[in-house]
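Single-structure report; data block below.
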Amino acid sequence: MICELLEQRVKSSRAHLVFADAHDERVLSALETLSQESALLLTALISRDTAERIIGRPLSKTIMFDDGLAHQHNVQQFLVSKRSAKGLTDAMAYELSSNPLFIAGWMVHTGRADAAVAGSISTTSDVIRAALWTVGLSSGVQTLSSYFLMDWPDRYFLFSDCGVVPDPSVDQLVDIAHASVTSLHALTNDEPRIAFVSFSTHGSAQHPLVDKVRSATALFSKKHPNIKADGELQIDAAIVPSVASRKAPDSLVAGNANILVFPDLNAGNSAYKIAERLGGATALGPILQGLAKPYCDLSRGCIPDDIVHVARIAALMAAVPSWTEPATT
């Protein structure tokens, strides 16, 4: 459902996307698809000759290719200026300056591109390090997190956080929830409805793990009173109206949540994989959120269609650099 909406919304976008993991045939195939269906500006960090040898055919002339060699000195100087106080030496920066992950991040930071996409052949930890060292966190954001866009034919959800913060604190859960609202705003015009997920619904169980979720819900609602949020909620109470009517009849969110904030990475990562592998969902992500500019991660098990979808998400995120939530009335 939402994948089709993203395709329509991005058709007229002129966002410039840079692809760091361009030595991957799946990425090159996705670039060919994107070049044919949209007005996006697309740069692959690889030479055209090398790319065409990898994929075994000529690629669209509208795709731009850049092996990154011309940028190495600038990337090295940039990294030294940003990280020398934290122990990064000239030699270390020189080594990183040839890494496409850091070249892509530098391009986004300096405005040479609007968003970066990587992760099909790079680990999430490597993508995160490059993103933090180049584009950095958005102003006022303390927690880098991620979400998966989970898409079914008749509904979708944002699952947060399923890829970055192993055991978030109460404050971090609040940050993750708020970042997810901003992410949803970039993708759709739908009203955010947040469920803080637990194994308990409204006091049905007592445990310190439940207390953490309950506290996060209360703090989020205090900070952001005009955003609909509820917790603690079990998954069925959060997304099934008939269950919600029994377990949480007075909730404004229960049964109709579109953002699920998980209490830790064990729960979130397992939930998205079950939904994908057994529930038939298309899982797009992990999409990093909280960065100053978009730097989107991919699963290393992705297929070309996944890369196309994530590229569309990156373009839409680039079009919404900031967002202000509704004023308190």
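Brief remarks on what is shown
- Only listed residue being of a type outside the set (S, T, N, Q), buried (at least 24 other Cβ atoms within 10 Å of the Cβ), in a helix (DSSP H, G or I) and not assigned by TED's automatic domain parsing to the domain that holds V310, chosen from A186, A238: A238
- Candidate set from the range 101-112 (those that are crowded, with 24+ Cβ neighbours inside 10 Å and within 19 Å of the chain's Cα centre (by Cα)); member that is nearest to R300 (Cα to Cα): L101
- Flag for S35 being within 17 Å of D305 (Cβ to Cβ), among the hydroxyl-bearing types (S, T, Y) and crowded, with 16+ Cβ neighbours inside 10 Å: yes
- Scoring I227 on the criteria (1) closer than 23 Å to M1 by Cα; (2) within 24 Å of the chain's Cα centre (by Cα); (3) not aromatic (F, W, Y) leaves a single failure, condition (1).
- Qualifying residue in the range 274-293 (condition: hydroxyl-bearing (S, T, Y) and either in the same structural domain as I313 (by TED's automatic domain parsing) or modelled with pLDDT of 95 or more (or both)): no
- Contact map, the range 63-84: first residue aromatic (F, W, Y), second residue surrounded by fewer than 21 Cβ atoms within 10 Å (Cβ to Cβ), Cβ cut-off under 7 Å, separation 6 or more or different chains; pairs are F65/S47; F65/R48.
- Scanning the range 60-76 finds one or more residues that are surrounded by fewer than 15 Cβ atoms within 10 Å (Cβ to Cβ), of a type in the set (V, I, T) and more than 24 Å from the chain's Cα centre (by Cα).
- Counting only residues that are of a type in the set (K, R) and either within 19 Å of the chain's Cα centre (by Cα) or at pLDDT 95 or above (or both), the range 1-56 holds 4 of them.
- Hits in the range 33-55 - residues which are outside any helix (DSSP H, G or I), among the hydroxyl-bearing types (S, T, Y) and under 23 Å from K11 (Cα atoms): S38, T43
- Scan of the range 294-305 for residues that are within 13 Å of the chain's Cα centre (by Cα) and either within 18 Å of T188 (Cα to Cα) or modelled with pLDDT under 95 (or both), ordered by number: P294, C296, D297, L298, S299
- Residue match in the range 129-139 (condition: in contact with an Asp or Glu (Cβ under 9 Å, 6 or more places away or on another chain), in contact (Cβ under 8 Å) with a residue 12 or more places away in the chain and buried (at least 16 other Cβ atoms within 10 Å of the Cβ)): yes
- Of everything listed in (1) within 19 Å of Q289 (Cβ to Cβ); (2) part of a helix (DSSP H, G or I); (3) in contact with a Ser or Thr (Cβ under 6 Å, 6 or more places away or on another chain); (4) touching a residue at least 40 places away in the same chain (Cβ under 8 Å), the single unmet condition for V213 is (1).
- Leading residue by the ranking (modelled with the highest pLDDT) among those in the range 187-243 that are among the polar types (S, T, N, Q) and under 30 Å from A311 (Cα atoms): T188
- When R26, R83 are checked against the criterion of being basic (K, R) and either at positive phi or surrounded by fewer than 17 Cβ atoms within 10 Å (Cβ to Cβ) (or both), R83 stands alone in meeting it.
- Members of the range 122-176 found to be of a type in the set (G, A, S), within 14 Å of the chain's Cα centre (by Cα) and assigned to a helix (DSSP H, G or I), listed by number: S125, A131
- Selected residue (criterion: surrounded by the most Cβ atoms within 10 Å (Cβ to Cβ)) from residues of the range 189-210 that are part of a strand (DSSP E or B) and either without any contact (Cβ under 8 Å) to a residue 24 or more places away in the chain or of a type in the set (A, V, I, L, M) (or both): A195
- Condition met for D90 (surrounded by fewer than 16 Cβ atoms within 10 Å (Cβ to Cβ) and touching a residue at least 24 places away in the same chain (Cβ under 8 Å)): no
The values are calculated or read from the model by the stated rules, or taken from the named source; none is laboratory data. What you see is a predicted model; the values in this text were computed from it and never measured. In this analysis, Cβ positions are derived from the backbone assuming ideal geometry, glycine residues included, and neighbour counts consider all displayed protein chains.
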